[in-house]
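Quick notes on the structure that follows.
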Amino acid sequence: MKKIICIIATMLACSGLQAQKWEKVGDRPQMGWSTWNKFAGNINEDIIRGIADAMVETGLAEAGYTYINIDDCWHGKRDKDGFIQADPKRFASGIKSLADYVHDKNLKLGIYSDAGTGTCAGMPGSFGHEYQDALQYARWGVDYLKEDWCNTTNINPIGAYQLMSDALREAGRPIFLSMCEWGGNEPWKWASEIGHSWRIGPDIWCCFDSTRVHEGGWTDIGVMQCIRKNEKLRRYAGPGHWNDPDMLEVGNGMAANEDRAHFTMWCMMASPLILGNDIRSMSEETKAIVMNKEMIAVDQDELGVQGLHYCDEQGLEFWFKPLSGGDWAMTMLNATLAPITYELNWQRFNLTDEEVSRLSTAFDKTVYKVRNLWTHKDEGKTLLKDKVWKKVTVPSHDVVTYRLSPIAK
């Protein structure tokens with residue numbers, strides 16, 4: 001059996017024919033939850049079932065969170081024919097049973113592998129078994145694959161991810177492919193026809209603005225470092241192909257204002273919204289952040305445009321994101337250690353998004369209704385005059401975000 005599958009894979013690889021990734025999967029940035037940020041390798045099927053229950057009971061599913069993703073350490077051994085099996089103790093009922101449980105709640109199940117010979121935690125990788133693994137995932141009813149990049153010495157990333165993409169297509173089940181290559185080979189330049197999203201940098205950790213170096217030499221980066229890497233890549237993102245600055249750390253220990261800024265900026269950047277906290281025991285504060293439907297609508301907007309870091313003034317960053325229907329999202333981000341009060345004059349922000357959408361704010365010609373997306377209150381309308389609209393105070397490590405909707409003349 002193994003020999004037959006390897007022969008088929010070799011024939012397909014040598015034919016010069018490449019199956020396209022699954023279309024109509026990932027037209028909006030993916031939303032869901034993953035085991036890694038909270039549980040790392042300490043996972044089992046009871047946790048996954050409990051998370052699936054909580055996804056529905058908390059209202060997260062209604063808010064748009066769909067995928068429940070099992071990250072590293074679910075693996076058992078391969079069988080005599082080379083097909084991967086789940087750990088018989090941690091996942092005694094099997095992945096198929098777990099997928100059925102998740103699907104019964106109208107949710108989707110994700111799984112994890114690695115393009116190399118082993119995963120980052122030392123479990124079996126997919127190298128040399130791509131078609132077998134894709135077929136196994138399809139048989140189990142998996143809907144999402146995160147493929148990592150550990151243990152990949154002398155492996156070409158474009159070929160490796162194309163091979164898995166082709167294998168998923170041949171397996172016959174629509175599966176979202178999340179590429180976790182960490183940005184070392186600039187996947188944003190070549191991956192849009194291979195996968196649905198790609199990591200643009202190292203792993204995130206639960207800190208707003210600093211890095212952490214491990215004994216092994218690899219580095220984790222904070223929220224602001226993720227933003228800095230991603231803000232330069234907006235022209236590569238769009239429906240079906242998203243820049244991924246990594247999973248969310250909201251609810252894992254940062255202050256509420258930092259969680260709010262973190263979540264807001266992921267929405268402004270049209271990033272995947274993959275929760276990484278224990279949703280079974282969320283605080284009301286955390287719920288209010290991750291279930292802010294007005295912010296989620298910014299992330300999930302059908303235009304699929306990644307936000308623009310337009311300028312910095314008086315210590316504030318000004319971000320703009322064009323939305324459908326002529327709307328704009330505008331965020332003032334304060335990454336400094338002190339609150340900043342700013343006199344907002346809309347005429348300072350007449351801009352055209354030359355790089356991606358070609359749309360213009362035209363504050364000198366268009367009056368917009370101003371909606372605060374965190375207080376959920378309307379705050380009047382913009383002015384056509386070169387005049388201060390109001391003074392706005394943005395606390396340290398926090399944001400003020402507006403949705404601007406044109407008022408019909």
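The values are calculated or read from the model by the stated rules, or taken from the named source; none is laboratory data. Being a predicted model, the structure only gives us computed values, none of them experimental. Cβ coordinates were reconstructed from backbone atoms using ideal geometry, including for glycine residues, and neighbour counts include every protein chain displayed. SASA here: full protein model, heavy atoms, side chains in, ligands and nucleic acids out. Shrake-Rupley method; radii C 1.70, N 1.55, O 1.52, S 1.80 Å.
Using a 1.4 angstrom probe on the protein heavy atoms only, line up Glu231, Glu284 by accessible area, largest first.
Working: Glu231 40, Glu284 130 Å².
Order by accessible area, largest first: Glu284, Glu231.
Per-residue packing, averaged as other Cβ atoms within 10 Å, sorts the ranges 344-353, 327-336 into the order 327-336, 344-353, beginning with the highest.
Give me the percent relative contact order of the chain, please, defined on Cα pairs under 8 angstrom at least 6 residues apart.
Numbers: 899 pairs, mean separation 52.6, N = 409.
It comes to 13 percent, rounded to a whole number.
What do you get for the angle between helix 130-140 and the principal long axis of the chain? Use alpha-carbon atoms, 0 to 90 degrees, nearest ten. For helix 130-140, the angle is close to 80 degrees. Here the Karplus curve 6.51 cos²θ - 1.76 cosθ + 1.60, taken at θ = phi - 60°, turns the phi angles of the range 60-66 into couplings of 4, 4, 5, 6, x, 6, 10 Hz, with x standing for Gly and Pro. If only the Cβ of Lys and Arg carry +1 and only the Cβ of Asp and Glu carry -1, the dipole of the chain around its Cα centre is close to 720 debye. Extension gain, Thr352-Glu186: 0.36 nm per intervening residue step, less the Cα-Cα distance, totals 57.1 nm.
Taking 12 Å as the straight-line reach from the Cα of Lys387, the aspartates and glutamates in range (excluding those fewer than 8 positions away in the same chain) are Glu343, Asp364. The packing ranking of peptides 196-207, 265-276, 103-114, highest mean first, is 265-276, 196-207, 103-114, where packing means the average number of other beta carbon atoms within 10 angstrom of each residue. In the chain, the DSSP-assigned H stretches of four residues or longer account for a calculated mean residue ellipticity at 222 nm of -7500 deg cm²/dmol, using -39500 (n - 2.57) per stretch and the full residue count as denominator.
Computed over the chain with a Gaussian network model linking Cα atoms closer than 10 Å, the most mobile of Ala167, Ala297, Ala138 is Ala297.
Calculated accessible area for the chain comes out at 41 Å² per residue, all protein chains present (probe 1.4 Å; ligands, DNA, RNA ignored).
Output the antiparallel fraction of DSSP beta bridges having both residues in the chain, as a percent to the nearest 5. Could you put the intermediate results ahead of the total?
Details: 40 of 64 bridges.
Expressed as a percentage, antiparallel bridges in the chain total about 60.
Solvent-accessible surface (1.4 Å probe) assigned to Arg403 amounts to roughly 50 Å². Once the Cβ-Cβ distance of Asn372 and Asn106 is raised to the sixth power relative to R0 = 41 Å, the FRET efficiency obtained is 0.80. The distance between label points at Ala63 and Val25 comes to 2.6 nm (points 7 Å beyond Cα on the Cα→Cβ vector).
Could you give the size of the charge dipole of the range 250-383 about its Cα centre, using +1 on the Cβ of each K and R and -1 on the Cβ of each D and E, expressed in debye and rounded to the nearest 20? Don't skip to the answer; put the middle values down first.
Values: 12 positive and 20 negative charges, 67 e Å.
Rounded to the nearest 20 debye, it is 320 debye.
In this rough spin-label picture, where each label sits 7 Å from Cα along the Cβ direction, the Asp79-Val392 distance is 5.8 nm. What angle do you read, to the nearest 10 degrees and between 0 and 90, between the alpha-carbon axis of helix 2-14 and the longest principal axis of the chain? With rounding to tens, the tilt is 50 degrees. Taking a sphere under 11 Å around the Cβ of Asp398 and counting the other residues whose Cβ falls inside, with K and R at +1 and D and E at -1, yields a net charge of -1. Treating the angle as unsigned and between 0 and 90°, give the value, to the nearest 10°, between the Cα long axis of helix 256-268 and the longest Cα principal axis of the chain. Rounded to the nearest ten degrees, it is 80. Once you've got the Cα coordinates, tell me which of Lys21/Lys80; Lys232/Lys381; Lys146/Lys189; Lys108/Lys293; Lys24/Lys80; Lys77/Lys105 are over 25 Å apart. Exceeds cut-off: Lys21/Lys80; Lys232/Lys381; Lys24/Lys80; Lys77/Lys105.
Would the range 170-305 count as rounded, prolate or oblate if I go by the C-alpha gyration tensor, calling it rounded below 1.5 in a/c and otherwise prolate when a/b exceeds b/c, oblate otherwise? Kindly include the intermediate steps, with their values, before the conclusion.
On the way: a/c = 1.63, a/b = 1.21, b/c = 1.35.
Since a/c reaches 1.5 but b/c is at least a/b, the shape of the range 170-305 is classed as oblate.
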